[in-house]
Amino acid sequence: MANLKSSKKDVRRNTRLRGINLSVRTGLKTSVKKARQAITEGDAAKATQAVREVQKQLDKAVKRGIIHKRQAARRKSRIASQAAKLGS
């Protein structure tokens, strides 16, 4: 356990931020699942909206430093390519 006052504050802050980051990552996984489900159902309008929302959430997570930018790019690319197959 930390001894210094600032170290104790760091531990509290890191614990709180870890919980926030975990909830954001969990939300991302849920959004990706919803988008994939919309794609498999074949509903183009619903899938397009879901993909747009996933891309927005991924960009926000990158901006906040929760996930790496290449991971977000990879996820966006995979979802977009799946949605493109639906359109053709």
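None of the figures in this text is laboratory data; all of them are computed from the coordinates on show. What you see is a predicted model; the values in this text were computed from it and never measured. Glycine also receives a Cβ, built like all others from the backbone with ideal geometry; neighbour counts cover every protein chain displayed.
Some points to look at:
- When each of Q71, Q55 is tested for being in contact with a helix residue (DSSP H, G or I) (Cβ under 8 Å, 6 or more places away or on another chain) and assigned to a helix (DSSP H, G or I), the lone residue that passes is Q55.
- Tabulated pairs, segment 34-52, first of a type in the set (D, E, K, R), second surrounded by 18 or more Cβ atoms within 10 Å (Cβ to Cβ) and in a helix (DSSP H, G or I), C-beta under 7 angstrom, 6+ apart or interchain: K34/A50; K46/A38
- Among the residues of this structure, V62 counts as one that is in contact with a helix residue (DSSP H, G or I) (Cβ under 6 Å, 6 or more places away or on another chain), closer than 23 Å to N14 by Cβ and assigned to a helix (DSSP H, G or I).
- Residue among K29, K46 that is basic (K, R) and more than 17 Å from the chain's Cα centre (by Cα): K46
- For segment 68-85, the criterion of being within 24 Å of R16 (Cα to Cα) and of a type in the set (A, V, I, L, M) is met by at least one residue.
- Only listed residue being outside any helix (DSSP H, G or I) and at negative phi, chosen from A80, A2, A50: A2
- Selection status of K29, at negative phi, in a helix (DSSP H, G or I) and surrounded by 12 or more Cβ atoms within 10 Å (Cβ to Cβ): no
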